[in-house]
Structure formats: structure tokens, C-alpha cells
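In what follows, a single structure is set out as C-alpha cells and then discussed.
The values are calculated or read from the model by the stated rules, or taken from the named source; none is laboratory data. As the structure is a prediction and not an experimental result, all values here were calculated from the model. Backbone-built Cβ (ideal geometry, glycine too); neighbour counts: all protein chains shown. Note: areas computed on protein heavy atoms with side chains; ligands, DNA, RNA excluded. Shrake-Rupley method; radii C 1.70, N 1.55, O 1.52, S 1.80 Å.
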Amino acid sequence: VAFPDPPEASAETWHEVPEELEQGYAEVFLDLLGLEMVAEAEGTSTARYRPYFIPLSDDGKEAWEEFTAAVAKLKNSLDKFEPYRGVLAKLQGYCMRLTCILWCLRRVCGEIPTDSHIDAETIRRAVNLVWYFEAHARRCLGIGWADKPARLAKRILAWLARNPEMKDRKSTRLNSS
């Protein structure tokens, strides 16, 4: 999902999660698990349950339109047969899923009322996450980097710089043959 820069190695720090933070996380998860499905009557006696539908507010619709326009612009800037278009095509689905998760989290944490619509702030937060992961997808696929032979050459040169004795071994083998 993500391809961050490798962190520096470190020794054990013995840091612990504070108990109040641990309790807060537990309460959030319990609240999320407590969200009820919506009952719908089927006929006279049977109830069918469905997920809760969350409408978009007017500013939420505007934020969604901005995001989808940005994705479309990026996608349309590529060649029609560029494989990365497939990655970009999935961003809208990811963003809406993240929007729903963030809306639920904001709701159970008391940041927004329980009956609120999905607003622009919730969508902007999801959009930030999507662009973060999109940047990592580009990095994983080498998009925007030097071409593959140039990247490979840089890795070989870096390895040789870390292992100077290997330069001499190769030149000795070549001279003796």
C-alpha cells in the first residue's frame, strides 16, 4: 500500500502506548462496532438490514467534483494505453471508501453530529490520504523516476561504492584471462 523511505535502524526504546491513548482507541473501535444497520421492512413480517446511507452535503459534492476532476485531468494527460491509467481509475473508489471510514470515525469521536452529511472536510481528508498513496504507487512503479537502466546503473554504482574491494576483483579477473 505504501513505499516510504526506509527508516534508520534503532535500538529498543522501551516506549509504550500510554494507557489513556490505548483506552481511547478501544472506545473508538467499540463505538464503530456499535453502529447499527438500518432495518427495512420486507412484506409484513420480515425485516431486511442494509448499511446506513450517508448523503453528501452541498460542499461535500463540490469537494468530490474537484477531486474527480483532478483525477480525470491526470488520467487524460497520459497516453490511452499507459498502464498507470488503471491505477488512477481506482482512486475514486478508494477515496469514497476512505471518506466513509473517516466520516464514521469523526462521528463516533464526536467531531460531527450523528446525523450529519458527508461534508467537504471529510472528503478533503480522504483526498489527502488518496494522493499520499497515489504518490507511493508512482514510486512503486517507477513512474516519474529515471528510466529502468539508469536506476539499475545507480544501484550498481552505489553498491560498488559500498564494496570497493569488488572493483579490484573484477579487474584482476579480466586481466588474467
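Numerical summary
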read-out: Among (1) of a type outside the set (A, V, I, L, M); (2) open to solvent by less than 60 Å² (accessible area, probe 1.4 Å); (3) part of a helix (DSSP H, G or I), the one test that Trp131 misses; value: (2)
read-out: Residue that is modelled with the highest pLDDT, among those in region 13-47 that are open to solvent by 100 Å² or more (accessible area, probe 1.4 Å) and farther than 30 Å from Val108 by Cα; value: Trp14
read-out: Ser10 being open to solvent by 50 Å² or more (accessible area, probe 1.4 Å) and among the hydroxyl-bearing types (Ser, Thr, Tyr); value: yes
read-out: Selection within region 69-113 - farther than 18 Å from Leu32 by Cα, of a type in the set (S, T, N, Q) and surrounded by 13 or more Cβ atoms within 10 Å (Cβ to Cβ); value: Gln92
read-out: Filter result for the condition that a residue is without any contact (Cβ under 8 Å) to a residue 60 or more places away in the chain, more than 22 Å from Phe133 (Cα to Cα) and either small (Gly, Ala, Ser) or not in a loop (DSSP other than H, G, I, E, B) (or both), over Ala69, Ala47; value: Ala47
read-out: Region 1-39, residues that are outside any helix (DSSP H, G or I), out of contact with any helix residue (DSSP H, G or I) (no Cβ under 7 Å at 6 or more places or on another chain) and closer than 23 Å to Trp103 by Cα; value: Gly34, Glu36, Met37, Val38, Ala39
